[in-house]
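The values are calculated or read from the model by the stated rules, or taken from the named source; none is laboratory data. Every value quoted in this text rests on a predicted model; they were computed, and no experiment measured them. Note that we place each Cβ from the backbone using ideal geometry, even for glycine, and neighbour counts take in every protein chain shown. When the accessible area is computed, the model is the full protein with side chains, heavy atoms only, and any ligands, DNA or RNA have been set aside. Shrake-Rupley method; radii C 1.70, N 1.55, O 1.52, S 1.80 Å.
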Amino acid sequence: MLSLSKTVVALAVAALVATMPVSADANQLRPGTYEFNLKRSNARISVSGTLGTVRAALPVSRGTLEVSGDGRIRDADAVLNTRALRTRNSTAERQLKGRNGFDTANHPRVRFDATGIDHNGDLLTVTGNLTVKQVTRPITLSGRIVRSNRRRVVAELEGTIDRMAFGVTAGRPFYGPTATVKMRMVASLPRGR
């Protein structure tokens, strides 16, 4: 008899909860301009070839995400610091910073500006313009939101570019023309907004 009354109570609670209005997702992002955490956000670029794979990390010097009233990411931009580029190979690092690489003496920044974002659940497809050495080309990055709460979002995106189209020819012919770009964005809505 006791287990029957527990079952009835559980069913009654379930029925009551089912008729209550569903509130907005507790993890839905709040609308506003989210700023990148510069210590936790970065871009990683890798190029493969006959000598292996060269990987470089570029820190973010500035970046924002715009979240609309429905909790979806609608715009993004980022600026990467080429002078702070790092690899595990000093020769590759020198070449990537040199004239045939990012030419950091004359072009200290790489810029990304989103032109469209498809935000479907945790999945993201971001199209935009990438500017390297004053050359702007389209890029598409795909990925997902790794975690989020109402004031913070962590997303990881990946895409490929033809590095030669940007004038980044360092390492040719030993390394291929295609570079993989991986971006990790950690952004928060500033307090008071």
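Please give the contour-minus-distance gain from THR169 to LEU38: 0.36 nm per residue of separation, less the Cα-Cα distance, rounded to one decimal in nm. Full-extension gain reported as 44.4 nm. Pairwise Cα distances in region 142-193 exceed 17 Å for 54 percent of all pairs. Each 10 Å bin, from zero up to the one with the longest distance, holds this percent of the alpha carbon pairs of region 91-135: 25, 33, 24, 17, 1. The figure for ILE161 is an accessible area of roughly 30 square angstrom, using a 1.4 Å probe on the protein chains alone.
With Kirkwood radius over Cα pairs in Å defined as stated, name the option among (1) 21.3; (2) 18.8; (3) 16.5 computed from the structure displayed. Step by step, Kirkwood radius over Cα pairs in Å for this structure corresponds to label (2). Summed over qualifying helices (DSSP H, 4 residues or more, each -39500 (n - 2.57)) and divided by its residue number, the chain shows a 222 nm mean residue ellipticity of -4500 deg cm²/dmol.
Accessible surface for region 109-193, divided over its residues, is 52 Å² per residue with a 1.4 Å probe. Neighbours of ASN120, meaning other residues whose beta-carbon lies under 12 angstrom from its beta-carbon, give a summed charge of 0 when Lys and Arg score +1 and Asp and Glu score -1.
About the centre of its Cα atoms, the chain shows a dipole size close to 840 debye [charges on the beta carbon of Lys, Arg (+1) and Asp, Glu (-1) only; nearest 20 debye]. Take the solvent-accessible surface of the protein heavy atoms, probe 1.4 Å, and return the percent of it on region 91-163 that carbon and sulfur atoms account for. Exposed carbon and sulfur together represent 42 percent of the surface.
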